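Engineer: Handing you this structure, nothing more for now.
The values are calculated or read from the model by the stated rules, or taken from the named source; none is laboratory data. Remember, predicted model here, so these are calculated numbers, not experimental data. Counting neighbours? That spans all protein chains shown, and the Cβs are built from the backbone with ideal geometry, glycine included. Each accessible area value is taken on the protein alone, full model and side chains, heavy atoms only, with ligands, DNA and RNA left out. Shrake-Rupley method; radii C 1.70, N 1.55, O 1.52, S 1.80 Å.
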Amino acid sequence: MDVRTTPEAAPPAHAAIHREDYRPPDWLVPEIRLEFDLDADRTIVRATLEVVRNGDHDRPLRLDGDELKLLSVTADGEHRMEGPQLVIDLAGERATVETEVEIPPAANTKLMGLYASGGMLCTQCEAEGFRRITFFPDRPDVLSKYTVRMEGDAKAFPILLSNGNCVAKGEADNGRHWAEWQDPFPKPCYLFALVAGDLQANRDSFTTMSGRKVDLFIWVREADLPKTQHAMEALKLSMAWDEKVYGREYDLDLFNIVAVSDFNMGAMENKSLNIFNSAYVLADQETATDADFDNISRVVAHEYFHNWSGDRVSCRDWFQLSLKEGFTVFRDQGFSADIGSHAVKRIEDVRVLRAAQFPEDAGPLAHPVRPDSYIEIGNFYTATVYNKGAEVIRMLATVLGPDKFRAGTDLYFERHDGEAATCDDFVKALEDGSGVDLTPFKIWYSQAGTPKVSARLDYDSEAKAATLHLDQRVDPTPGQPVKQPMPIPLRTALIGGTSGAEICPEKLIVLDQPSDSIRFENVTEPPLLSINRGFSAPIVMNAERKPGELERLAQSDSDPFARYEAIQDIMMRALVAGARGEQPNADAVVDAVAATLRSNSLDPAFKAEAILLPSDALIADRMDVVDPDAIHESRDALRRALGGALSSDLLGAHRSDGASGDDLTPKAKGIRRLRTVALGLIAAADEGHGAALAKAQFDGADNMTDRQGALSILVSLDAPERQAALDAFYDRFHDDALVLDKWFSLQAAAQRADTVDQVLRLEKHRDFTIANPNRLRSLAGQFGANQWAFHSADGRGYRFLADMILAADRINPQVAARMVPAFGRWKRYESKRAALMKAELERIVGTAGLSKDVFEQVSKSLA
């Protein structure tokens, strides 16, 4: 039988799937054996499924497929194709089903299923890629034990890897060889992995808390082997941290990581065989920035932590995606804070949330942490599911406290080990483990939108008492016009307005009504309100402030994040005023930044974060009607004012030493970060001086952080040093794909009037390819995040990105769809730009053959 399933044969291409329609699988697959005859152009996959009827019904076995060439079916029952599904009528309670299919890995540009990358074959199965390998009930709640046999050319594929343990291997005819792997742990098919290629390994080991030795391997091309040591150290740190903090011990005798140059995501947590985008594995002083090193540590930890929060306990259906992702992001955030700076890490996490998730919540693509429906599940790998999901876990941990939270997570892992669980299961385990009713917090999973909280503090000097008045609201979101109040945990303290001391110790207030008032006694001096300390809830806080109050908090608040917030609020008020054509209070910003730079108690990393002005996008969130030109000019003017008024302080910060390029301590990374932030302000006030300093830093750099930092300043300047540095960077690194991505990205992010022209030229550059997700994101993705250039008044930025989305959609719909949100909030912009953006969205959605990935994002954006 020779039948190739095609999208045209499928049910309605853009039909929505609803959470309320969930039904347990009709058939389970306790055991599966896969045999691969590997070839880049034509791989044969033979699958043997042991299936068991699940419940009392007579429904047939339905196996999902996508672009498979079906060669044969062996089953005790009639079979037929219904769209992309192979349907088999089985009479008994158990059966064995055998299929044989042909797939072309080298032609698989979607990078889902089995595909070719850099001479190797590898897989990506989350969310629905396994159906592109063989026919199977491709859903998370079908858990199977896998036996995998691979055979291929020994020269082309000397290394053959899969999940679990290698139980046998040998030579075959005609220069071929084979290996057989078994995974003893049942897993959903999205965790299946296979890698075949010419790879070398960085080898190490880890001894678990029970004394077992685990062999560790990071597999890369031989030339990349020297760049893997940081990832290996991060893996060992992660394993130790998970034992100490969560009591989670690794459960197999080996752990493999493979770096792949073509990858849609950051990495994938396949059981015992993690496949990584090479950007999150390869690093050395010459080619990686401090941020790259930190991201590698974070992503290695994230994927390793999934061994328990995602693998041993998986999710029942894709609506529960945050069960594994939100929880694991929370875990990797805790790890990163513990190996670095807690204060700086919290600032970074909140910046990401505000830059990506808050706009999502405020636009047409808003959805709950646990969505109610989707057309393409790939579109829900979002900041809401990941980052807001992590904030929900953080709130639960805050309310419970560390001991009760740990008791709850221990119970969760024990209770649901080997199961596909739900978000409700997680909350129930926390409740049962802690004895605390968390039912009110479940609304955070089901209700979209960012709560907005207003706060006012009244002080009665005679009674020596203060009253905090709180109000909350959640704006309507698509499909949820009426909102309920949410429980909002607010870590709150009162700071003495005169003494600067914490006169009312921090307390946890849970605002769970539309309005509430809280009284503080024994308030011995006029107080300053320090609220939502540590960003204890993912909300927009609007606290009524008296003149000078933010300035005092910026210098005296005992909570580092609250102190940072005060500085940022001072800046934001000036920036919004400037964008509205009002007179900004630039002096207050200058004073706050000066006090921060001159403080001996603050570390350099905190200073760098605190003096960095809010982005154009964050300023836009405060505007009723967004005018990108006005926002850009307001921000640029304030940067010039800071650079001019604080030139000596900034030069001092820029010239700081004590940070050699191979020093990755938090202090050294903070010095380098502050050096570049200060350089940017210097250049804003004096372009010639800034260009000279930046070129000197670029030429003298012994590390990529300082080199890229200098170039990030130069790309926005009109100075001869700009092109000289760009040419030198290209000449030095054009053979290193990951570093060349930086070269494209920096130019796409440039704050210049001609950035659109530059980007259009770069699209034609010989080193640009739309087929590689990293390269596409480095140019088109970064440009879409460049608020001033993307929103060029002539609309050329919109047309460029729309063209990129349409071109990428024909190759890799998943990557294309993730560029659509740049258009998402078009209705908030001034009328000319809004019309131009809408026209491009209409052009995209009207294109014949559009994927359901892009269709869903664009149609929702237009709604």
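Engineer: Taking into account only those residues within region 847-863 that are open to solvent by 60 Å² or more (accessible area, probe 1.4 Å) and more than 15 Å from F380 (Cβ to Cβ), which is nearest to the chain's Cα centre (by Cα)?
Structural biologist: A863
Engineer: Filter region 74-97 for residues that are charged (D, E, K, R) and not in a loop (DSSP other than H, G, I, E, B); which is most open to solvent (accessible area, probe 1.4 Å)?
Structural biologist: Out of the qualifying residues, it is R94.
Engineer: Scan region 218-248 for residues that are within 28 Å of D39 (Cα to Cα) and surrounded by fewer than 22 Cβ atoms within 10 Å (Cβ to Cβ) and jot them down.
Structural biologist: R221, E222, A223, D224, L225
Engineer: With respect to K507, determine if the residue is open to solvent by 10 Å² or more (accessible area, probe 1.4 Å), over 23 Å from D591 (Cα atoms), charged (D, E, K, R) and without any contact (Cβ under 8 Å) to a residue 24 or more places away in the chain.
Structural biologist: Here the answer is yes, as K507 does meet what is asked.
Engineer: Is at least one residue of region 810-830 of a type in the set (S, T, N, Q), crowded, with 23+ Cβ neighbours inside 10 Å and modelled with pLDDT of 95 or more?
Structural biologist: Within region 810-830, one or more residues are of a type in the set (S, T, N, Q), crowded, with 23+ Cβ neighbours inside 10 Å and modelled with pLDDT of 95 or more.
Engineer: Got a sec? Which of G326, G266 is of a type in the set (G, A, S), open to solvent by 10 Å² or more (accessible area, probe 1.4 Å) and under 16 Å from the mean Cα position of the chain (by Cα)? Even if it seems obvious, please write down each step before you answer.
Structural biologist: Details: G326 fails: open to solvent by 10 Å² or more (accessible area, probe 1.4 Å).
It is G266.
Engineer: Select from region 403-460 the residues that are open to solvent by 50 Å² or more (accessible area, probe 1.4 Å), assigned to a strand (DSSP E or B) and not hydroxyl-bearing (S, T, Y) and list them in ascending order.
Structural biologist: E419, K452, R456, D458, D460
Engineer: Could you pull out the residue among R519, R545, R473, R552 that is open to solvent by 20 Å² or more (accessible area, probe 1.4 Å), touching a Lys or Arg at 6+ places or on another chain (Cβ under 6 Å) and not hydroxyl-bearing (S, T, Y)?
Structural biologist: Residue meeting the stated conditions: R473.
Engineer: Please find, among G326, G363, G378, the residue that is touching an Asp or Glu at 6+ places or on another chain (Cβ under 7 Å) and at pLDDT 95 or above.
Structural biologist: Details: G326 fails: touching an Asp or Glu at 6+ places or on another chain (Cβ under 7 Å); G363 fails: touching an Asp or Glu at 6+ places or on another chain (Cβ under 7 Å).
On inspection, the qualifying residue turns out to be G378.
Engineer: Another question, then. If I filter region 329-344 for residues that are acidic (D, E) and not in a helix (DSSP H, G or I), do I get at least one hit?
Structural biologist: There is no residue in region 329-344 that is acidic (D, E) and not in a helix (DSSP H, G or I).
Engineer: Looking for whichever is in a helix (DSSP H, G or I) and either surrounded by fewer than 16 Cβ atoms within 10 Å (Cβ to Cβ) or among the acidic types (D, E) (or both) here; the options are D741, D794, D735. Which one fits? Steps first, please.
Structural biologist: Values: D794 fails: in a helix (DSSP H, G or I); D735 fails: in a helix (DSSP H, G or I).
None of the others qualify; the one that does is D741.
Engineer: Report yes if some residue within region 362-378 is polar (S, T, N, Q) and under 25 Å from E128 (Cα atoms); otherwise report no.
Structural biologist: Here is the first cut: in region 362-378, the residues polar (S, T, N, Q) are 373.
Right, trim to under 25 Å from E128 (Cα atoms) and you get 373.
For region 362-378, residues polar (S, T, N, Q) and under 25 Å from E128 (Cα atoms): present.
The rows are residues; the columns are (1) out of contact with any strand residue (DSSP E or B) (no Cβ under 6 Å at 6 or more places or on another chain); (2) of a type outside the set (K, R); (3) not in a strand (DSSP E or B).
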residue: M232; (1), (2), (3): no, yes, yes
residue: M239; (1), (2), (3): no, yes, yes
residue: F276; (1), (2), (3): no, yes, no
residue: A283; (1), (2), (3): yes, yes, yes
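Engineer: Could you say which residue among Q200, Q182 is open to solvent by 40 Å² or more (accessible area, probe 1.4 Å), of a type outside the set (A, V, I, L, M), modelled with pLDDT of 95 or more and within 23 Å of R248 (Cα to Cα)?
Structural biologist: On the way: Q200 fails: within 23 Å of R248 (Cα to Cα).
Residue meeting the stated conditions: Q182.
Engineer: List the number of the failed condition for P364; all other conditions in (1) surrounded by fewer than 19 Cβ atoms within 10 Å (Cβ to Cβ); (2) in a loop (DSSP other than H, G, I, E, B) hold.
Structural biologist: All conditions are met except number (1).
Engineer: A further question on this structure: Output the number of residues of region 155-171 satisfying the condition of being open to solvent by 30 Å² or more (accessible area, probe 1.4 Å) and more than 20 Å from Y115 (Cβ to Cβ). Explain how you work it out, then say what you get.
Structural biologist: Applying the first criterion (open to solvent by 30 Å² or more (accessible area, probe 1.4 Å)) to region 155-171 yields 155-156, 158-159, 165-169, 171.
From what's left, more than 20 Å from Y115 (Cβ to Cβ): 155, 165-169, 171.
Qualifying residue count, region 155-171: 7.
One line per residue, one yes/no per condition, for (1) within 18 Å of A834 (Cβ to Cβ); (2) polar (S, T, N, Q); (3) modelled with pLDDT of 95 or more:
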site: L618; (1), (2), (3): no, no, yes
site: V625; (1), (2), (3): yes, no, yes
site: G643; (1), (2), (3): no, no, yes
site: G661; (1), (2), (3): no, no, no
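Engineer: Sticking with this structure for a sec: Has region 341-353 got any residue that is open to solvent by less than 40 Å² (accessible area, probe 1.4 Å), more than 23 Å from D621 (Cβ to Cβ) and of a type in the set (A, V, I, L, M, F, W, C)?
Structural biologist: yes
Engineer: Anything in region 183-222 that is in a helix (DSSP H, G or I), farther than 17 Å from F157 by Cα and either in contact with a strand residue (DSSP E or B) (Cβ under 7 Å, 6 or more places away or on another chain) or free of Cβ contacts under 8 Å to residues at least 60 places away in the same chain (or both)? List them, or say none.
Structural biologist: Answer for region 183-222, where residues must be in a helix (DSSP H, G or I), farther than 17 Å from F157 by Cα and either in contact with a strand residue (DSSP E or B) (Cβ under 7 Å, 6 or more places away or on another chain) or free of Cβ contacts under 8 Å to residues at least 60 places away in the same chain (or both): just C189.
Engineer: Report, by residue number, each residue of region 379-402 that is assigned to a helix (DSSP H, G or I), under 19 Å from D332 (Cα atoms) and not β-branched (V, I, T).
Structural biologist: Kept after step one, since they are assigned to a helix (DSSP H, G or I), are these residues of region 379-402: 379-380, 383-400, 402.
Those left that are additionally under 19 Å from D332 (Cα atoms): 383-398, 402.
If the condition is that a residue be assigned to a helix (DSSP H, G or I), under 19 Å from D332 (Cα atoms) and not β-branched (V, I, T), then A383, Y386, N387, K388, G389, A390, E391, R394, M395, L396, A397, P402 are the ones that fit.
Engineer: Failed condition for D624, given (1) assigned to a loop (DSSP other than H, G, I, E, B); (2) acidic (D, E); (3) over 23 Å from A785 (Cβ atoms), with all others met?
Structural biologist: So the condition that D624 fails would be (3).
Engineer: Looking at (1) in contact (Cβ under 8 Å) with a residue 24 or more places away in the chain; (2) in contact with a strand residue (DSSP E or B) (Cβ under 7 Å, 6 or more places away or on another chain); (3) among the aliphatic types (A, V, I, L, M), can you tell me which one A156 breaks?
Structural biologist: (2)
Engineer: From the list V576, V589, pick out the single residue that is modelled with pLDDT of 95 or more, closer than 18 Å to L646 by Cα, in contact with a helix residue (DSSP H, G or I) (Cβ under 9 Å, 6 or more places away or on another chain) and open to solvent by less than 20 Å² (accessible area, probe 1.4 Å).
Structural biologist: After applying the criteria, what remains is V589.
Engineer: Among the residues of region 22-61, which ones are open to solvent by less than 50 Å² (accessible area, probe 1.4 Å), farther than 15 Å from C189 by Cα, out of contact with any Ser or Thr (no Cβ under 7 Å at 6 or more places or on another chain) and not in a loop (DSSP other than H, G, I, E, B)?
Structural biologist: Within region 22-61, T43, I44, V52, R53, L61 qualify.
Engineer: Quick check: is even one residue across region 62-73 assigned to a strand (DSSP E or B) and within 32 Å of the chain's Cα centre (by Cα)?
Structural biologist: The answer is yes, given that some residue of region 62-73 is assigned to a strand (DSSP E or B) and within 32 Å of the chain's Cα centre (by Cα).
Engineer: Looking only at region 476-496, count every residue that is more than 20 Å from N542 (Cβ to Cβ) and crowded, with 18+ Cβ neighbours inside 10 Å and tell me the total.
Structural biologist: Count: 2.
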